[in-house]
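J.: Handing you a structure now.
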Amino acid sequence: MNKMAKDLTEKEFGKLIQKHISKINFVKINLENESSIFGFITKASDDFLMIEETNDFSLAGIKIVPYAKVTSIRNGISDKISKVIYSEEGLIKFNHKIIDNTSLKNYESLFKSIKKQDFHCIVESKKKDKDLFSIGEILEVGEKSVTIKNYDPTGKFNKKPHKISFKNIELINFNDNYSTIFKKYLRK
């Protein structure tokens, strides 16, 4: 149970998330590692939230957050003003094909669905208090882990792919400018 549940029951929290999805509310999602994500929740399951992340009045890609990492969701006056601006500027344009084709059932189906759509992804994970960052093509999806063909900031592939245990995952990004554009400039 996440920390938000101290104020709301899981059922009430779930209803709040569904309200934000149906009303296309701009929200600030606070995570247990004290970071936050600004954007629109586009889909939810018992295990994950899918967020169309925003940055400087543009849509910045999809973030998948494990539900248990969410501590609170804010939809205050500044968020309501942001929604008005996004709306007036015609910036709320979600790719429903991607939303519909991305499974939030479990990690295995999630990564398989991202791979099937031919997206590279960014996976932020933590192992023994060490923050890890992987970016690249999804090579293999198992019951407990995903293997990423990781590349460095110069576009060169690492010799050995990164195998990431699902239990260590903090965030997943895909359909973002960084990974979609960089993918075109990778060195073989």
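The values are calculated or read from the model by the stated rules, or taken from the named source; none is laboratory data. The structure presented is a predicted model; accordingly, all values stated were derived computationally and were not measured. Don't worry about glycine lacking a Cβ; one is built from the backbone with ideal geometry, like all the others, and counts go over all protein chains shown. Calculation scope for accessible area: heavy atoms of the full protein, side chains included, ligands and nucleic acids excluded. Shrake-Rupley method; radii C 1.70, N 1.55, O 1.52, S 1.80 Å.
J.: For a quick check of your reading of the model, give me the residue pairs whose first member lies in segment 151-175 and is of a type in the set (Gly, Ala, Ser), whose second is surrounded by 13 or more Cβ atoms within 10 Å (Cβ to Cβ), with beta-carbon atoms closer than 9 Å and at least 6 apart or on different chains.
T.: Gly155/Phe182; Gly155/Leu186; Ser165/Ser125; Ser165/Ser145; Ser165/Val146
J.: Across segment 1-25, which residue is modelled with the lowest pLDDT among those that are open to solvent by 30 Å² or more (accessible area, probe 1.4 Å) and part of a loop (DSSP other than H, G, I, E, B)? If you could, list the steps in order and put the result at the bottom.
T.: Step one: list which residues in segment 1-25 are open to solvent by 30 Å² or more (accessible area, probe 1.4 Å), which gives 1, 3, 6-12, 15-16, 18-19, 21-24.
So of that shortlist, the ones also part of a loop (DSSP other than H, G, I, E, B) come out as 1, 7-9, 23-24.
Numbers: Met1: 40, Asp7: 69, Leu8: 73, Thr9: 81, Lys23: 96, Ile24: 96.
Top of the filtered list is Met1.
J.: Name every residue in segment 67-104 that is more than 14 Å from the chain's Cα centre (by Cα) and among the basic types (Lys, Arg), in order of residue number.
T.: Arg74, Lys80, Lys83, Lys93, Lys97
J.: Here's something else I'd like to know. Which residues, counting only those in segment 132-149, are buried (at least 18 other Cβ atoms within 10 Å of the Cβ) and acidic (Asp, Glu)? Walk me through how you get there before you give the answer.
T.: Restricting attention to segment 132-149, the residues satisfying the condition of being buried (at least 18 other Cβ atoms within 10 Å of the Cβ) are 134-138, 141, 145-149.
Hit for segment 132-149 is Glu137, nothing else.
J.: I've got another one for you. Check off (1) modelled with pLDDT of 95 or more; (2) surrounded by fewer than 20 Cβ atoms within 10 Å (Cβ to Cβ); (3) within 30 Å of His120 (Cβ to Cβ); (4) out of contact with any helix residue (DSSP H, G or I) (no Cβ under 7 Å at 6 or more places or on another chain) for Lys28 and give me the number that stays unchecked.
T.: Unmet for Lys28, out of (1) modelled with pLDDT of 95 or more; (2) surrounded by fewer than 20 Cβ atoms within 10 Å (Cβ to Cβ); (3) within 30 Å of His120 (Cβ to Cβ); (4) out of contact with any helix residue (DSSP H, G or I) (no Cβ under 7 Å at 6 or more places or on another chain): (4).
Condition check ((1) modelled with pLDDT of 95 or more; (2) within 20 Å of Ile114 (Cβ to Cβ); (3) assigned to a loop (DSSP other than H, G, I, E, B); (4) open to solvent by 40 Å² or more (accessible area, probe 1.4 Å)) across all residues:
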residue	(1), (2), (3), (4)
Ile41	yes, yes, no, no
Glu53	yes, yes, no, no
Asp56	no, no, yes, yes
Ile64	yes, yes, no, no
Ser72	no, no, no, no
Ile99	yes, yes, no, no
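J.: Then there's this: Can you report the number of residues in segment 150-179 which are under 16 Å from Ile114 (Cα atoms) and surrounded by 14 or more Cβ atoms within 10 Å (Cβ to Cβ)?
T.: The qualifying residues number 11.
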